[in-house]
Amino acid sequence: MSSGVQVKVIENIPAKLDADELVKGLRIRRNVDYIRNKLGSLIETISPVMNPKAIYSVSFVDKIEGDNVTIGDTVFTSRVVRMNLEKVGRVFPYIVTAGSELDDVELSKGQSAMLLNQVKTAVVSKAYQYLKAHLTEKYGIKSLSSVGPGRLDEWPITQQRELFSHFGDNVDRIGVHLTKTCLMVPIKTISGLFFPSEAGFESCELCSRENCIGRRAAFDPKLVEIFGVENQ
């Protein structure tokens, strides 16, 4: 863990789920009422055990050398990170998760594992938005942007190790761990760096993948040219 890091943990993040909202997100045209009822049943099942969590730190960009960005005692290597943080002082490394509790949910007859996966995605998305709003309000920031390891080739997923080392054993407090291949468990977990940005930025803007349920911003080919990254 980086020395002098102020680590904060938030548990029981409110994530109000609505079946109608989830149906719209799925963009389905057939059997809408049937799917809505199935989603409503799943929401009732998971609500008593749902416990989204987040961990973040209040940190600062200490040094930039080439594409190496030092935050605390942790060095992140990425052109996209460097370009975003060149004029930034304060930064908020974070990990937010839907919670391992949802992985232990037992489905009753007729409930869909595929739809449960969509519900979990909605939970972590709402937890992410809650954390973002929490940071903007608590620290008086007008607008926050985010970039995360593994979302783009220019910041590979292997840099999850650096992000997790930044928090050290504190990550255990939200029940998240890394596999040998740097995948996060629970799967419905988002990690990265929040940073102040008037222009606004999400890694999604550099990714052209279509029909991504986790997309938080539209693809922007102009930004791809600015950052000099390969089209994902």
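Derivation of every value follows stated rules applied to the coordinates shown; laboratory data play no part. Just so you know, these numbers come straight off a predicted model, no measurement behind them.
Some values worked out for this structure:
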item	result
Per residue, the convex hull volume that the Cα atoms of the stretch 6-203 enclose (Å³)	131 Å³
Unsatisfied cross-links (Cα-Cα over 31 Å) in the set K63/K138; K8/K188; K87/K180	K87/K180
